[in-house]
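Asks: Sharing a structure with you now.
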Amino acid sequence: MKQPRALTAVTLVAFVLGILLVMQLRAQDSVGGMEQLSAADLTVLIANLNDRNNLLRAEVADLEADLRAIEASGASGQGNVGRLQADLTRLRLWAGLDAIEGRGVVVAIVGPITADAVNDLLDELRLAGAEAIAVAGVRVVPGATVAGTPAALSIEGVDLGRAFEVHAIGSPQALQAILDRSGGIVSRIAVGQPDVSLEVVPSETALRLPATERDLTPDGATPRL
């Protein structure tokens, strides 16, 4: 019977998302200071990131297989199909497998900001409820972090330079309030890195964030419904 397995998959989605988010936040704490890591530490870090991506792509593939089986059999009813479809959509968006469009905020950064500060900013956006984030047009997915030295930062092999933007989709009011609050990330960066200019602006029109260019699926084939 496919139905019990499908229901189990629905339950596991929330668990997997929680685990991956915690792992992502821990990864960024360590990656921000990559220049201080030994070769052995970097090897372990890369292996851990690969394991997280393997877990994510396996869950997407399993969930899509369950959904196809349910739709083909018609035995589970539209309720289960709808729940699986919604969970799969959220998982695909969180994994960056699909492009996404919506209102949010644009964070303009100019100056020699540190990788730690940018990664802290990304964490703040996630905690504030950002549905998706892109840095200089690069979709932020599990395991993707900003690294390098100030004024020579990069993400996923893309150089950021001294001026770049972070786009985040979510409630513009909520995201801006969290970032600009007293003692928040913007004020902390202003105090600790006075040469850096950081401005948070709600988007007047819908932002469009691209899908990730990472291969997060088995055999290099992006799963589609």
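Asks: With farther than 30 Å from R57 by Cβ, of a type outside the set (A, V, I, L, M) and at pLDDT 95 or above as the only criterion, which of E165, E199, E204 stands out?
Replies: On the way: E165 fails: farther than 30 Å from R57 by Cβ; E204 fails: at pLDDT 95 or above.
Among E165, E199, E204, only E199 is farther than 30 Å from R57 by Cβ, of a type outside the set (A, V, I, L, M) and at pLDDT 95 or above.
Asks: So, one more: Based on what the data block shows, is A130 under 14 Å from V200 (Cβ atoms), of a type in the set (A, V, I, L, M, F, W, C), assigned to a loop (DSSP other than H, G, I, E, B) and open to solvent by less than 30 Å² (accessible area, probe 1.4 Å)? Lay out the reasoning, then the answer.
Replies: On the way: under 14 Å from V200 (Cβ atoms): yes; of a type in the set (A, V, I, L, M, F, W, C): yes; assigned to a loop (DSSP other than H, G, I, E, B): yes; open to solvent by less than 30 Å² (accessible area, probe 1.4 Å): yes.
For A130, the condition - under 14 Å from V200 (Cβ atoms), of a type in the set (A, V, I, L, M, F, W, C), assigned to a loop (DSSP other than H, G, I, E, B) and open to solvent by less than 30 Å² (accessible area, probe 1.4 Å) - is met.
Asks: If a residue must be in contact with a helix residue (DSSP H, G or I) (Cβ under 8 Å, 6 or more places away or on another chain) and assigned to a strand (DSSP E or B), how many such residues does region 87-112 contain? Walk me through how you get there before you give the answer.
Replies: Initial filter on region 87-112 (in contact with a helix residue (DSSP H, G or I) (Cβ under 8 Å, 6 or more places away or on another chain)): 87-88, 90-92, 94-95, 97-98, 100, 103-105, 107, 109.
Those left that are additionally assigned to a strand (DSSP E or B): 100, 104-105, 107, 109.
The qualifying residues number 5.
Asks: State all residues of region 152-198 that are open to solvent by 40 Å² or more (accessible area, probe 1.4 Å), touching a residue at least 12 places away in the same chain (Cβ under 8 Å) and assigned to a strand (DSSP E or B); if no residue qualifies, say none.
Replies: V158, A163, E165, H167, S197
Asks: I need every pair where a residue in region 82-102 that is within 16 Å of V140 (Cβ to Cβ) has its Cβ under 7 Å from the Cβ of a residue that is of a type in the set (S, T, Y) and outside any helix (DSSP H, G or I), sequence separation at least 6 or different chains.
Replies: Every condition considered, the pairs that remain are G96/T212; L97/T212; L97/T222.
The values are calculated or read from the model by the stated rules, or taken from the named source; none is laboratory data. If you're wondering where the values come from, they're calculated on a predicted model, not measured in any experiment. Cβ: placed from backbone, ideal geometry, glycine included. Neighbour counts: every protein chain shown. Accessible surface is based on the protein model in full, side chains and every heavy atom, while ligands, DNA and RNA are left aside. Shrake-Rupley method; radii C 1.70, N 1.55, O 1.52, S 1.80 Å.
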